[in-house]
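The values are calculated or read from the model by the stated rules, or taken from the named source; none is laboratory data. None of these values were measured; they are calculated from a predicted model. Here Cβ is always computed from backbone atoms with ideal geometry, including for glycine, and neighbour counts include all displayed protein chains.
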Ligand code: S3P
């Protein structure tokens, strides 16, 4: 269910102290979605720990409940999922409401395209303006009957009852959601479905399907293949902390002099670690400790110390590996010495918001020289030459535009602002990081959530 949007929350920043201590951010959003999807269609009972109890992953969970899957929990991030098998889902009695979650709607369209029953999927204001042609197009090639609203936007309606056929599909954009959609439809197709991407994207679908016993191949040309008709066997999944949530604290500790934070049990899958590489290229002091592998995914504790960052031209090959981290990287860039240039990131324009425009607008309100471009941004940082108090931002009122990561990024800017920053629309933070304010304040942020009655 999408959150009650009549409850409005504004964040207000105030003076911070250096960030210190150890903390564990909530579970990985991408893996939490997949843990529910795959355990629901597996044979047998699966246990999940570390599940993200945020609105997005709960939207996925509720949609499987609506399709007849019995799921116990979540309690403290633990779930027990009684899988119904690849052919055991039932027609939902209502439209499936996926709230703000692009991952849910795009992966579910693949997973549900080959079912025998019809289903309609809807979302909130942000999701309703996001492009779904990127999943509808390959699904149609596979023989699915799928309808979108005007210009390929949600709602998405699947007619059901189609026998899917395998395709070879080079994805037009680097998108793990599109890749995953096609692979999941491939599970229900006749023959071997193959996907190839223009740049490597997160591979949690491939890793987790393997953990459920599905054979999934990758050849030396980059084609990822899956044969239809395979069944999944239940397994236990331990979801590590989300590197995309840890990213706010990585930037925060980097930009506040005197900080040292230890972020515990963070997933460091190499398709997700662009944030670490980029901050290190900017001069960030970040080290990985206690590296280990849990359930087929690499995990580490990440130590971050304050450092004077410098501007760089971000290498384009790192863009898909840090795709969710650019809002907070723009904040880091505003604190760096010199110019930071981002190119090759036009995908940012079709995220939960247009992250190039919304961040540039907000940064400009806060007095930062941030120039949006078609596929990125140029940010001239304050470096050490900010105001006497070390400020890199002025105060002001900025908007989240229904985007959790924008709201949290401006909270991080508040650590180096000369006056309070007010951020409107912060109820959306609950989609990925329900205890953000609590953890941030524990680490040393000055941050208050204020309820606003309309
Ligand atoms: C996700 C893939 C990415 C990312 C999103 C989660 C996933 O989207 O931005 O937050 O779990 O597969 P795209 O595939 O559209 O790049």
Does residue 138 satisfy the condition of being surrounded by fewer than 15 Cβ atoms within 10 Å (Cβ to Cβ), within 16 Å of the ligand (Cβ to nearest atom) and either under 23 Å from the mean Cα position of the chain (by Cα) or assigned by TED's automatic domain parsing to the domain that holds residue 202 (or both)?
no
Suppose we filter 214, 178, 195 for residues that are in contact with a helix residue (DSSP H, G or I) (Cβ under 9 Å, 6 or more places away or on another chain) and in a loop (DSSP other than H, G, I, E, B); which single one remains?
214
Can you tell me which residues in segment 236-267 are farther than 27 Å from residue 393 by Cβ and either at pLDDT below 95 or crowded, with 20+ Cβ neighbours inside 10 Å (or both)?
237, 239, 240, 241, 265, 267
Which of the numbered conditions does residue 367 fail, given that it passes all the others? Conditions: (1) more than 16 Å from the ligand (Cβ to nearest atom); (2) surrounded by 24 or more Cβ atoms within 10 Å (Cβ to Cβ).
(2)
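Residues that are more than 16 Å from the ligand (Cβ to nearest atom), outside any loop (DSSP other than H, G, I, E, B), over 16 Å from the mean Cα position of the chain (by Cα) and under 25 Å from residue 298 (Cα atoms): does segment 97-108 have at least one?
No, because not a single residue in segment 97-108 is more than 16 Å from the ligand (Cβ to nearest atom), outside any loop (DSSP other than H, G, I, E, B), over 16 Å from the mean Cα position of the chain (by Cα) and under 25 Å from residue 298 (Cα atoms).
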What is the one condition in (1) outside the structural domain of residue 442 (by TED's automatic domain parsing); (2) buried (at least 24 other Cβ atoms within 10 Å of the Cβ); (3) within 28 Å of residue 303 (Cβ to Cβ) that residue 59 does not satisfy?
(3)
Residue in segment 340-357 that is in contact with a strand residue (DSSP E or B) (Cβ under 8 Å, 6 or more places away or on another chain), in a helix (DSSP H, G or I), away from the ligand (no atom under 16 Å from the Cβ) and assigned by TED's automatic domain parsing to the domain that holds residue 417 present:
yes
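Restricting to segment 286-309, and then to whatever is part of a strand (DSSP E or B) and within 23 Å of residue 405 (Cα to Cα), can you tell me which residue is nearest to the ligand (Cβ to nearest atom)?
Here is the first cut: in segment 286-309, the ones part of a strand (DSSP E or B) are 286-294, 297-305.
Right, trim to within 23 Å of residue 405 (Cα to Cα) and you get 286, 299-305.
Numbers: 286: 22, 299: 18, 300: 20, 301: 23, 302: 19, 303: 25, 304: 22, 305: 28 Å.
Filtering first and then ranking leaves 299.
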Filter segment 21-72 down to residues that are under 26 Å from residue 94 (Cβ atoms), in a loop (DSSP other than H, G, I, E, B) and within 16 Å of the ligand (Cβ to nearest atom), then give me how many there are.
3
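Can residue 198 be described as within 16 Å of the ligand (Cβ to nearest atom), surrounded by fewer than 16 Cβ atoms within 10 Å (Cβ to Cβ) and within 18 Å of residue 271 (Cα to Cα)?
Considered against the rule, which asks whether it is within 16 Å of the ligand (Cβ to nearest atom), surrounded by fewer than 16 Cβ atoms within 10 Å (Cβ to Cβ) and within 18 Å of residue 271 (Cα to Cα), residue 198 comes out as yes.
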